[in-house]
Amino acid sequence: MMPKIALKDVHKSFGSKHVLRGVTLDVMPAESMVVIGGSGTGKSITIKSVLGLVRPDKGEVWVDDIRADKARGGQRDSLLDKFGMLFQGAALFDSLSVWENVAFRMRRKMDKDEAREVAITKLRRVGLGPENADLFPGELSGGMQKRVGLARAIADDPEIIFFDEPTTGLDPIMADVINALIREVVVEMGATAITITHDMTSVRHIADKVAMLHDGVIQWTGPVNDMETCGDPYIEQFIHGRADGPIEALR
Amino acid sequence: MAVLSALHGFVAGIGASVLGLFRATGALVLFAGQGLIHCVLPPWYWRETLRQMVKIGYFSLPVVGLTALFTGAVLALQIYIGGSRFNAEGVVASIVAIGIVRELGPVLGGLMVAGRVSAAIAAELGTMRVTEQIDALTTLSTNPFKYLVAPRLIAGIVTLPILVAVADTIGVMGGFLVGVNKLNFNAGTYISNTVDFLQAGDIISGLCKAAVFGFIITLMGCYHGYNSGRGAQGVGNATTNAVVSASVLILAANYILTDLFFST
């Protein structure tokens, strides 16, 4: 079967800092891939390369049979229509109400009342009642913002959803709620998902497969059930949170 | 050897500065071009454009109006005092009108709006950049230039001339109030002097300047905000740079436009 997303030898540098040094990764359709790795290892840059927010210096990015890193104009628009993304800080638009944020993409296809109805349905899906629809992002707690961000990411039933550190900054209970929601919506929609995190609880909740990014390359990839027993020193050190090992810790 | 090395460092420093200036100018020109292209090509976000017109135009009325009022009043006083030295007190009305409509209305109005609007746009877009809202727009199949930059440029170009027209009227009124109440001019004579000496070209040139200043103000706000650095310091720098560059460019553009309109 052809991968839904394929990165082939992707390199990206910022000045003298080489962030990605040849990332190669396949994500199959309807698979939930979680990319783990320490802070500053290029996890966000990897998914931004797929989204076209960052242009790789070298390598190829494929989404279905389209070369995503070369897509322009209408081809890029049709690619973006396949994507949904939950940002680390939710990235809600401050000047728009909650329902307008959720319905942002749909406003081009439907009238205001219809878009509002769909937005309220999506908000219910992530556990928020219609009484929240007319609030503004500044009036919401961090957990509620993440839920609204998730509702916006799934609003147009995308084929591929990206989750950037979905539980960062949340208390453990709210993090568990968000993890469960992510798992539910991904399974329910049959979407392909890439999540980046360094929260091992999220990994065990969300992942079908795990990829470990370190030193700008994928050090290990495999099913989440193999993660504990794979014997890879990078994975071992990371999941057990040890300071000693091949991953150098700054002290 | 040490002298050669110091000289080399000095020349290299100048070279780096010049290259940096060219790079920044090129980036700004490309940004402006892209922004203008998105102003004329569909789709247009009319609701967002209208919102920006209210923010940039309507909410700037108090500060621009007060500036114009006091400028007109001071101008009347100064021209009266200066003119009395060679018995030319009678020119107060016409010089206030011409001075306000040609120069002070657009320039002072532009500078006041630059302080208020460039900073606000840079801070808003800079925060959107830092909090990934601009990236979010892209992932929602929306071109940030179309949604963020074009509505602000259109709003600036359209509302500044309206603001300046109001400022001109208030400025002339300021001169009128001082002229009639303090300098004892006849109200009818003051108004007829104002109307008689003012030409259509004076008003049109002022409004054209205002449209250019509106473009400069919103462009600088958008450019610095869109390319803001990370964190609070990045946004702060973007805001400062937007106000300073908009103000300097307004004064430079004013000279060029005045030369273009009035040199014979």
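Bear in mind that the values in this text are calculations on the coordinates, not laboratory data. Keep in mind that what you see is a predicted model, and the values were worked out from it rather than measured. Positions of Cβ are generated from backbone atoms using ideal geometry, with glycine treated the same way; all protein chains shown enter the neighbour counts.
Conditions tested, residue by residue: (1) among the aliphatic types (A, V, I, L, M); (2) within 14 Å of chain B (Cβ to nearest Cβ); (3) surrounded by 19 or more Cβ atoms within 10 Å (Cβ to Cβ).
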{"site": "A:Leu7", "(1), (2), (3)": "yes, no, yes"}
{"site": "A:Ala30", "(1), (2), (3)": "yes, no, no"}
{"site": "A:Gly37", "(1), (2), (3)": "no, no, yes"}
{"site": "A:Gly40", "(1), (2), (3)": "no, yes, no"}
{"site": "A:Val50", "(1), (2), (3)": "yes, yes, yes"}
{"site": "A:Glu60", "(1), (2), (3)": "no, no, no"}
{"site": "A:Gln75", "(1), (2), (3)": "no, yes, no"}
{"site": "A:Arg105", "(1), (2), (3)": "no, yes, yes"}
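Scan the stretch B:153-178 and report the pairs whose first residue is in contact (Cβ under 8 Å) with a residue 60 or more places away in the chain and within 20 Å of B:Thr49 (Cβ to Cβ) and whose second residue is part of a helix (DSSP H, G or I) and of a type in the set (Phe, Trp, Tyr), with Cβ atoms within less than 6 Å and a gap of 6+ or a chain change.
These pairs meet every condition: B:Gly156/B:Phe215; B:Ile157/B:Phe215; B:Leu160/B:Phe213.
Taking the stretch A:107-121 as the search range and keeping residues that are away from every other protein chain (no Cβ under 14 Å) and in contact (Cβ under 8 Å) with a residue 12 or more places away in the chain, which one is surrounded by the fewest Cβ atoms within 10 Å (Cβ to Cβ)?
A:Val118
Being within 11 Å of another protein chain (Cβ to nearest Cβ) and touching a Lys or Arg at 6+ places or on another chain (Cβ under 6 Å) is the filter here; which residues of the stretch A:77-103 pass it?
Selection gives A:Ala90, A:Asn101, A:Val102.
Scan the stretch A:130-167 for residues that are acidic (Asp, Glu) and over 14 Å from the mean Cα position of the chain (by Cα) and jot them down.
Scanning the stretch A:130-167 gives A:Glu131, A:Asp134, A:Glu139, A:Asp156, A:Asp157.
Working only within the stretch B:83-107, note down all residues that are surrounded by fewer than 20 Cβ atoms within 10 Å (Cβ to Cβ), part of a helix (DSSP H, G or I) and either of a type in the set (A, V, I, L, M) or within 14 Å of chain A (Cβ to nearest Cβ) (or both).
B:Val91, B:Ile98
Kindly provide the set of residues from the stretch A:128-141 that are of a type in the set (Gly, Ala, Ser) and exposed (fewer than 14 other Cβ atoms within 10 Å of the Cβ), ordered by number.
Selection gives A:Gly129, A:Gly138, A:Ser141.
Of the numbered conditions (1) away from chain A (no Cβ under 14 Å); (2) under 27 Å from B:Leu153 (Cα atoms); (3) not aromatic (Phe, Trp, Tyr), B:Arg51 fails exactly one; give the number of that condition.
(1)
Going residue by residue through the stretch B:124-139, is there one that turns out to be within 29 Å of B:Ser205 (Cβ to Cβ) and either under 17 Å from the mean Cα position of the chain (by Cα) or part of a helix (DSSP H, G or I) (or both)?
no
Please go through the stretch A:146-180 and give me each residue that is assigned to a helix (DSSP H, G or I) and buried (at least 20 other Cβ atoms within 10 Å of the Cβ), ordered by number.
A:Lys146, A:Arg147, A:Val148, A:Gly149, A:Leu150, A:Ala151, A:Arg152, A:Ala153, A:Ile154, A:Ala175, A:Ile178, A:Asn179
Here are some conditions: (1) farther than 30 Å from A:Leu92 by Cα; (2) of a type outside the set (Gly, Ala, Ser); (3) out of contact with any helix residue (DSSP H, G or I) (no Cβ under 6 Å at 6 or more places or on another chain). A:Ile239 meets all but one. Which one does it not meet?
(3)
Across the stretch B:115-146, which residue is surrounded by the most Cβ atoms within 10 Å (Cβ to Cβ) among those that are more than 7 Å from chain A (Cβ to nearest Cβ) and β-branched (Val, Ile, Thr)?
Here the residue is B:Ile121.
Which ones in the stretch A:203-235 are closer than 20 Å to A:Leu25 by Cα and part of a helix (DSSP H, G or I)?
Selection gives A:Val203, A:Arg204, A:Ile206, A:Val224, A:Asn225, A:Asp226, A:Pro233, A:Tyr234, A:Ile235.
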